[in-house]
Amino acid sequence: MPWDPMRDLLIMQERLESLFGSATPGWLPPVDLSESPERYVLTLELPGLDREDVAIKLEDGTLTVRGRRPAESCCPERYLQLERGHGSFSRAFRFTAPVQGENIRADMANGVLTIVVAKQPPAGPGRIDVE
């Protein structure tokens, strides 16, 4: 295999970051986040990834999307130009309104992950009985 200085630099960077505990995501997929009165909609561009490559988790009001694109899926033996990211990624989102954790839908089609997060319905005026 011919020597590829770019591949060697990427490997050294990953090793140094893991050594010092400051590893950052290998790439950040672009995200669109929109809001309507009933829900939030996130759209992430994840070309080359399958459903099994992505994990979605809601914890303490934060929605986290994690995944990994293996280097071999985008990188041949010798780089001539390298613009697409690879490795692990993680994106986290906090919402301004309370959301329904049990009512989150996710769908992936043509390399685009769409996540729909329903908001909690507003609390209406409650009846208070007089004793």
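The values are calculated or read from the model by the stated rules, or taken from the named source; none is laboratory data. Only a predicted model underlies this, so the values are computations on that prediction, with no experimental measurement involved. Ideal geometry is used to build each Cβ from the backbone, glycine not excepted, and the neighbour counts take in all protein chains shown.
The numbered conditions (1) at pLDDT 75 or above; (2) more than 30 Å from Pro5 (Cα to Cα); (3) not in a strand (DSSP E or B) are all true for Pro47 except (2). Of the strands (runs of 3 or more DSSP E) lying entirely inside the stretch 78-130, the ones with 2 or more residues being of a type in the set (S, T, N, Q) are found at 87-94, 99-109. Across the stretch 64-102, the qualifying residues are those that are of a type in the set (Val, Ile, Thr) and surrounded by fewer than 16 Cβ atoms within 10 Å (Cβ to Cβ), and the one among them that is modelled with the lowest pLDDT is Thr96.
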